[in-house]
Amino acid sequence: MTDDKSPSVASDPVADPHPDDLSDGSEGRAGSRLPESLRAPRVVWWVVALHVVVLGAYSILLPTYRAPDEPLHVDLAHHWSTDFDYPAWDDRTTADGVINSLFQVRFPGRSAHLTEDEALPKDERASYEQLDEAESVGGVNQLPQHPPLYYIVAGTAERAVELVIGDPDFQLETWFYRLVSIAIVAPLPLVIWKASRRLGLPDPVAVAAMLIPLAIPQYLHIGASVNNDSLQYLAIWLVMPLVLHVAGGDLTRRTMILAGVVTGIGLFAKAFAFVIPAWMACALVLVLLRRGRVAVPQVVRAGLVYSVPTMLIGGWWWVRNMVVHGSLMPTRYFDMVEPVPRGELDIVDYMRRWMTDTTGRLWGDFGYFDTRIPSTVSDIATIVAAVALVVAVVGRDRVADTKLGDRLLLLAPLPLLMAMQLQTALGTYLENGHYAALQGRYWFGALAPCAILIALGAAKALRSFARWLPLGILAIAVVMNGLAVSAIFGFYWGEPGSALSARLRSMIAWAPLPGEVIGLAAAVGAVVGVVAVVEVGRVVLHAGPLDTTEATPVEPTTAPV
């Protein structure tokens, strides 16, 4: 991940200064190489495995439906799996089966303090089809305002499984949709590693960046929930290495078409994916700054090539909305929610609440804001992350000698997503007085580039101690998840004040899977965790101190900007 002249690479068993070689010996016999997009040292795959294990744990830790709008997302995914149909934005009533199932998991009571004795035996739980046989109180599902791709993916996958195992009960089916979300976000550490290699980051910094998502319980909660955010996140993350390639001057048709395909997928999942074409525009502007006016024809041609798959795959949805409905995203929200009586609008107070609520919910605010990690911890984490981002961007990078333009490019998605979220939230406040959309999960599309910048900023600040950064991030992740699990167990599982063993039995009793399967998964997860920590430790011990007093240049491919 660093130049082969760097002292941090010379003794590092996972370093790979030569793009065509594998640093961990996984190449095998001659001619039996993995595709370059999948080549990675062992530590990367063990971090990916740890990432999946922790996400899987969160899929069991939270009761059924305790995630933002999860019942409504399940309703649309199940509807697709049954009818292969996607309703119009104003034409979906939540299925009776979904509404009836809410009462079986005590959803109206926030699923608080579920006890072992109250759990319905797993072999007596009904399927959605069975629950559909009784009428319900009814309810509007406004989520068809979003594009259908996530529901197509989740519903089609569920239908395929259903053909093999038959109709699952409603909790097992909901958990399967959670697994689909986990599979979608699972590549995050690998994407971070690929972009880190592009930037020439030293191995300890790149590994630390891969571990940062594990220190954000809210991301793990959302990543293991049924929602259309996951597919949008993945699209933004996947385009990151492509954006860096474009900024470095790669305007080839292959790169631009691939970027357009990824962008189209994102736009066919959720509106926040509009950050991707804005990000690509930033990369093309950076090419012009680096090459001058002589590059204008190439940049224009590249932009046109990029726009074709973007529009064909996902962009058409939004154009159609404007033509047919006269609105980019028509919604039933304002018809469903009564305006809040209020006096004069206080924009200053609103901005204060927007920032504090959104950042608090960025780190750990679970379910429908049912329980959260201490606000002091969230505040400290926000300050530390912000400082690390600033340190990464300003001043000279003496860790990997990255260009300022590349660092600013990595930062760009965060303010873009913040602006989009603020526009949505403030518009709702001005329309009917509700403090809606104050959710940090809308910023997670910027998680991959921000993880790289935070790790780089921390390495710059730690200087000669930067080699220990991965172990430091692991320690922070343990603390953050410890606080999260404590909050989750304390609110959802067992009677107030009950022992941990009673809370564990309650969780297993209400879980969609048998206790034996959960126990086996926990044992496998423990092994994965131990091996991942060992592999991370190998990177730290073999890297040597990073030289932060003199820049260690990589071969320049762009101008200094």
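Key figures for this structure:
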{"quantity": "Cβ-derived FRET efficiency at R0 35 Å, Leu504 paired with Thr156, nearest 0.05", "calculated": "0.50"}
{"quantity": "Relative contact order, percent, the chain [alpha-carbon distance under 8 Å, six or more residues apart]", "calculated": "25 percent"}
{"quantity": "Largest-first principal axis extents of the Cα set of the stretch 249-293 (Å)", "calculated": "35, 21, 10"}
{"quantity": "Compactness index (Cα Rg / 2.2 N^0.38 Å), the stretch 261-366", "calculated": "1.52"}
{"quantity": "Cβ crowding within 10 Å averaged over residues, with 213-225, 254-266, 364-376, 160-172 ranked highest first", "calculated": "213-225, 254-266, 364-376, 160-172"}
{"quantity": "Neighbourhood charge, 13 Å Cβ-Cβ cut-off, centred on Ile373 and excluding it, Lys, Arg +1 and Asp, Glu -1", "calculated": "-1"}
{"quantity": "Reference-scaled alpha-carbon Rg (2.2 N^0.38 Å with N residues) for the chain", "calculated": "0.98"}
{"quantity": "Cα→Cβ-extended label distance, 7 Å offset, between Val527 and Asp349, nm", "calculated": "5.8 nm"}
{"quantity": "Expected 222 nm ellipticity per residue - DSSP helices of 4 or more, -39500 (n - 2.57), all of the chain, to 500", "calculated": "-19500 deg cm²/dmol"}
{"quantity": "Selection from Gly364, Leu312, Gly494 lying farthest towards where the dipole of the chain points positive, charges on Cβ", "calculated": "Leu312"}
{"quantity": "DSSP H segments from the chain that extend 18 Å or more along their own axis, Cα-based, with Kyte-Doolittle mean of 0.0 or above", "calculated": "42-61, 149-165, 170-185, 229-247, 253-267, 275-291, 296-310, 375-393, 413-432, 447-462, 469-492, 515-543"}
{"quantity": "Label-point gap, in nm, between Leu289 and Thr115 - each point 7 angstrom along Cα→Cβ", "calculated": "6.2 nm"}
{"quantity": "Using a Förster distance of 56 Å, the FRET efficiency for Ala88-Val390 (Cβ separation, nearest 0.05)", "calculated": "0.75"}
{"quantity": "Mean Cα-pair separation over length for the stretch 70-181, i.e. relative contact order, pairs under 8 Å, 6 or more apart, %", "calculated": "41 percent"}
{"quantity": "Reduced Cα scattering model of the stretch 70-181, Debye log10 I(q)/I(0), q = 0.10, 0.17, 0.19 Å⁻¹", "calculated": "-0.29, -0.83, -1.03"}
{"quantity": "Net length gained if the chain between Glu133 and Ile165 were fully extended (0.36 nm per residue, minus Cα distance)", "calculated": "9.4 nm"}
{"quantity": "Segment Lys122-Arg342, length gained on full extension (0.36 nm per residue, minus Cα span)", "calculated": "74.4 nm"}
{"quantity": "Per-bin percent of Cα-Cα distances, the stretch 328-479 [5 Å]", "calculated": "2, 8, 14, 17, 17, 15, 10, 7, 5, 3, 1, 0"}
{"quantity": "Dipole in debye (nearest 20) - the chain, about Cα centre, beta carbon charges: Lys, Arg +1; Asp, Glu -1", "calculated": "2300 debye"}
{"quantity": "Placed amide H near Thr371: partners under 5 Å, 5+ positions off or other chain", "calculated": "Phe366"}
{"quantity": "Other-chain or far-sequence residues with amide H under 5 Å of Leu114's (modelled H)", "calculated": "Trp493, Gly494"}
{"quantity": "Cleavage-rule hits, GluC sites (Glu not before Pro), the stretch 100-160, DSSP coil, Cβ neighbours within 10 Å at most 14", "calculated": "Glu133, Glu135"}
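Here, each number is a calculation from the coordinates, and none is a lab measurement. Just so we're clear, the structure is a prediction, and the values are computed from it rather than from any experiment. Cβ atoms come from the backbone with ideal geometry, glycine included; neighbour counts cover every protein chain shown.
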